[in-house]
1. Sequence gap at least 6, Cα distance under 8 Å: using those rules, report the relative contact order of the chain to the nearest whole percent.
2. Place the peptides 40-52, 156-168 in order of packing, highest mean first, counting for every residue the other Cβ atoms within 10 Å and averaging per peptide.
3. Working out 0.36 nm times the residue gap between Arg9 and Ala151, then minus their Cα-Cα distance, what length gain in nm do you get to one decimal?
4. So if I place +1 on the C-beta of Lys and Arg and -1 on the C-beta of Asp and Glu, and nothing else carries charge, what would the dipole magnitude of the chain be about its Cα centre? I want it in debye, nearest 20.
5. Please report the antiparallel percentage of DSSP beta bridges with both residues in the chain, rounded to the nearest 5.
6. Set the Förster radius R0 to 35 Å, insert the Cβ-Cβ distance between Met399 and Val136 as r into 1/(1 + (r/R0)^6), and round the FRET efficiency to 0.05.
7. Where q = 0.10, 0.12 Å⁻¹, what log10 of I(q)/I(0) comes from the Debye formula for the stretch 42-274, counting one point per Cα?
8. Please build a GNM for the chain, connecting alpha carbons under 10 Å apart, and tell me which residue among Asp118, Asp314, Asp278 fluctuates the most.
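The values are calculated or read from the model by the stated rules, or taken from the named source; none is laboratory data. Please read these numbers as outputs of a predicted model, since none were measured by experiment. All Cβ positions, even for glycine, are placed from backbone atoms using ideal geometry, and neighbour counts span all protein chains on display. When the accessible area is computed, the model is the full protein with side chains, heavy atoms only, and any ligands, DNA or RNA have been set aside. Shrake-Rupley method; radii C 1.70, N 1.55, O 1.52, S 1.80 Å.
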Amino acid sequence: MTLDLDFVRSRFPAFAEPSLQGQAFFENAGGSYTCQPVIDRLTRFYHSRKVQPYAPYEASQAAGAEMDEARARLAAILGVEGDEVSFGPSTTQNTYVLAQAFRQWMQPGEAIIVTNQDHEANTGPWRRLAESGIEVREWQIDPETGHLDPADLANLLDAKVRLVCFPHCSNVVGAVNPVVEITAMAHAAGAFVCVDGVSYAPHGLPDVGMLGPDIYLFSAYKTYGPHQGVMVIRRALGMQLPNQGHYFNADVLYKRFTPAGPDHAQVAACAGMADYLDELADHHGLTGTAAQRASGVHDLMRAHEVVLLQPLLDYLGAKNSVRLLGPTRAEMRAPTVAVALDRAVEPVAAALAGHGIMAGGGNFYAVRALVAQGIDPVQGVLRLSFVHYTSPEEVQRLMTALDMVL
């Protein structure tokens, strides 16, 4: 079975938008196009349900029900319990709130492990715990490959470590880290696990319950939805950590780490992400539980991306004027491709725009990862990122444009 690309693209209004015609979108790692079901739900909420939810009148009941639906359906897709999914304004903000809870919970002298492969959102807040006497240990990448070696993690783990934080995949290296293996190692040492899934989830929502981490974070605006951060916190950890919300909500897990009131309309619109995955599952004849159907969709997305990605990796790998970061085999990485150039990257990105290629240049908040690989973060990298709705023709247009620009 292969992904029906025509059907996929028909569910994204951006591909019919006149102002976007003739342009190919290769900055999906910064935020994806929004699917039609999300737009429909957001529009409906603002038209007929933009009231305080959970009151006894009809519009309010409909608003609350749709917010509950989003949480329940995403939880089923992610393989966790309904109250283990919560929403916040962004993954950066969600991580910051979680770090404050750990700051209160941990004792001076205890340790956490972070990596230098991360986007700053999943490393900066945790590193700040050093201000409270918590030891911060860095799991470092290989400076040549950008790879995180689990054997190096083993050397950092001991009885003092309470939390291990790492990305499912990096937003500049692209390598997919073995979450199950790493989580098992951390749990065996008595530590909890926090996985930043922001750069992986756009390529198929994972079965978090099967992967096993205690915290899994991703951004809805990069998974075809509204601008919200989605976080899974497993109950065994979430009820131990100090409550960060209103004291009278302390017994409700999904309210414990959202100190501000959620954006009702955007939370409700997140159910449209589940609608879209269901549409793909139905169209391709996938059956089973919500998690099984989502897993099938994930595999379809990844298979399509791998086919498109390998020619791009081969093309870039053959160019002496660029340094390709991360794995050269498509099946080992996400289609988030960063290259260091022998010149400033932002003018190159601007030149690509003149050829109808939407891409970006910079450090992408992965300063530590770039420095570790010997790349000047001021110059940064050119990043070319795509997802399952990208077509083979668009990848070919990208390579043709790169030929002209480079």
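1. 23 percent
2. 156-168, 40-52
3. Extra length from Arg9 to Ala151 when fully extended: 46.9 nm.
4. 600 debye
5. Of those bridges, close to 50 percent are antiparallel.
6. According to the calculation, E is roughly 0.25.
7. Log-scaled intensity ratios, in q order: -0.45, -0.64.
8. Taking springs between Cα atoms under 10 Å, the residue moving most is Asp314.
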